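Every read-out reported here was derived from the displayed coordinates using simple, explicitly stated rules and does not represent laboratory data. Here the structure is a predicted model, which means the values were calculated and not measured. Cβ sites come from the backbone with ideal geometry, for glycine too, and all protein chains shown count toward neighbours.
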Amino acid sequence: MRYELFIALRYLKAKRKQAFIAVITVISVLGVMVGVGALIVALALMTGFHEDIQSKILGANSHLLVFNANLTQPINNYQALVQQIEEVPHVVAAAEVVYSKGMVSSPFRSEGVVIYGINPLSIRRVLNIFDRMVEGDVSTLASSPSAERREKIILGKELAQNLGVMVGEVVKILSIDASSLSPIGLLPKPRYYEVAGVFQSGMWQADSQWAFISLPSAQRFFDLGNRASVIEVRVDDVWRVKEIAQAVREQIGSRYILQDWMEMNRSFFSALKLEKLLLFIAISLIVAVASLNIIVTLVMMVIEKNKDIGVLMSMGATSKGIMITFMLQGIIIGVLGTLL
């Protein structure tokens, strides 16, 4: 064992008259331990939270959206477009969707909602949200209405609770996109739906503001004819979505606008990244204070061991060797704190 390491270990065992330095050394070790532990726990929690939110976002939303280049116009001949998109490598599935903002009312309350018209068979290949049904099943939207049976609607859990409705009860839907001309101007046309299911995605926005009806019902309600608002696309690798989007763009041409999930949630993920950075800086300051304690301990040790240093140098120890001795002592304190 080199004499520098031997002396550094020896100095860590303080004598009775050096008890104060021993206490400072213990405090330094504990400071490093707490700082590093807090840093690891905080970053682990933030990483887990980030991944959880990301999985919920990707479960409730598609990976890629395709709009008409004229955003005010719906997509014509969407069946052929869906087929074209699904031919692109790494595209798992595509589904046509109609959507509009509106209001849903029960005898107790009214809530603003986004109404989605979907094809129950194709949408399940694109969105995972319907794997989290609390009651009912999305396939019920495909059932044909009759004189005895109303059209069906699926609500988010928070929305259903706010409205005070359960499966089997009836709600009224109003939308500005479904209006009729009257002597006093445009009036929204009401339509009544039976609640056929309730989903819980884990995302407040979806659970409190989303409602799903069948695609044909939405097309009739919003007077769209055989057209869709958007094509939602699922890919096999969410981290290559921009590359896949470029391939889709080359396949379908410039008549359409594409938006991927990263662009849709850019501000949200930027805020999460900033929060993670600020947390890292805050915890790093704790570690810096603990490191300062180590420096103070070493300075006090040098002052205390001034005579010992003189003896060592008279025995042939170099200034570099003495410096290494105290540096090793600081490293040992830091390593002990980190390992603990």
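As a proxy for reagent exposure, T297, T72 were ordered by neighbouring Cβ count within 10 angstrom, fewest first; the result is T72, T297.
Mind scanning K56/K157; K56/K101; K101/K172; K101/K189 and naming the pairs with a C-alpha gap bigger than 18 Å? K56/K101, as the Cα separations exceed 18 Å there. Annotation: peptides 42-53, 219-230, ranked by per-residue average of other Cβ atoms within 10 Å with the highest first, follow the order 219-230, 42-53. Taking the average, over residues, of other Cβ atoms within 10 Å as the packing measure, peptides 136-143, 29-36 rank 29-36, 136-143 from highest down.
Within straight-line reach of K320, meaning a Cα separation under 14 Å, sit the following aspartates and glutamates at least 8 residues removed in sequence or on another chain: E4.
For the range 63-263, the Kirkwood estimate of the hydrodynamic radius, built from every pair of different alpha carbons, is 17.6 Å. Taking Cα centre as origin and charging only the Cβ of basic (Lys, Arg, +1) and acidic (Asp, Glu, -1) residues, the dipole magnitude of the range 63-263 rounds to 480 debye.
Compute the FRET efficiency between L43 and E169 as 1/(1 + (r/R0)^6), taking r as their Cβ-Cβ distance and R0 = 41 Å, and round to the nearest 0.05. After rounding, the FRET efficiency stands at 0.30. Here's the picture: charge each Lys and Arg Cβ at +1 and each Asp and Glu Cβ at -1 in the range 63-263, and of V195, V88, F130 the one pushed furthest to the positive end of that dipole is V195. Taking 0.36 nm per residue of sequence separation and removing the Cα-Cα distance, the N77/W239 pair yields an extension gain of 55.3 nm.
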